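Coordinate-derived values only; no laboratory data. All figures in this text were calculated on a predicted structure; none of them were measured in a lab. All Cβ positions, even for glycine, are placed from backbone atoms using ideal geometry, and neighbour counts span all protein chains on display.
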């Protein structure tokens, strides 16, 4: 179990009818050494005119870390239900071992190495509720924070109600926090359109993860929404 993931990855490709998986490529640093792990594979396939998820979890072992290798072309709509199920299975198995985590894998273009992003504490909300409505309904939990709602769709990004250029998202967000937080601890609330592809999802996730500091928190609730079920969304 202590072989590198790259070796395991190559072995799986050769041993499974030459199935290929395209991992996200991201210019953000993550964890780069991980031992005692087993693999979840989420392959991209096309049947007729539909894109489907081909899931392989046969090699998962409850007493290890789980690495989720997800094809970057898959949409959140396809992968999140399986991820939620597997999170629960890993955490609540009778053989579960304390200290074992779930990680997303990606190719770090800065270090040219495979990297990992932990997502143990993430709770996915898929009821088409956005964070701004959730905060209103649970205002007592968020009164002490400067709350910023971030919304990510295939073609647009919002900081609160302002559309932001993707290439300027990080710098704009930091400036926004600096000039508007008024000394309060900032909490970022993440909302993702279910049609967003995994490449973009993990790009935003890793970037935001690397922003975290004593003054910037990220809510562990992630809102995966269907734009057709959110009233007056305008979030295509």
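Scanning the stretch 96-119 for residues that are closer than 19 Å to residue 28 by Cβ, surrounded by fewer than 17 Cβ atoms within 10 Å (Cβ to Cβ) and without any contact (Cβ under 8 Å) to a residue 40 or more places away in the chain yields a single hit, 112.
I'm trying to understand the selection: among the residues of the stretch 52-71, which are in contact with a strand residue (DSSP E or B) (Cβ under 7 Å, 6 or more places away or on another chain) and either in a loop (DSSP other than H, G, I, E, B) or over 22 Å from residue 36 (Cα atoms) (or both)? Residues satisfying the conditions are 52, 53, 54, 57, 59, 60, 61, 64, 71. Considering only residues in the stretch 156-195 that are within 30 Å of residue 78 (Cβ to Cβ) and out of contact with any strand residue (DSSP E or B) (no Cβ under 9 Å at 6 or more places or on another chain), the one that is surrounded by the most Cβ atoms within 10 Å (Cβ to Cβ) turns out to be 170. The number of residues in the stretch 19-38 being surrounded by 21 or more Cβ atoms within 10 Å (Cβ to Cβ) and part of a strand (DSSP E or B) comes to 2. Can you find a residue in the stretch 122-140 that is exposed (fewer than 10 other Cβ atoms within 10 Å of the Cβ) and part of a loop (DSSP other than H, G, I, E, B)? Checking the stretch 122-140: not a single residue is exposed (fewer than 10 other Cβ atoms within 10 Å of the Cβ) and part of a loop (DSSP other than H, G, I, E, B).
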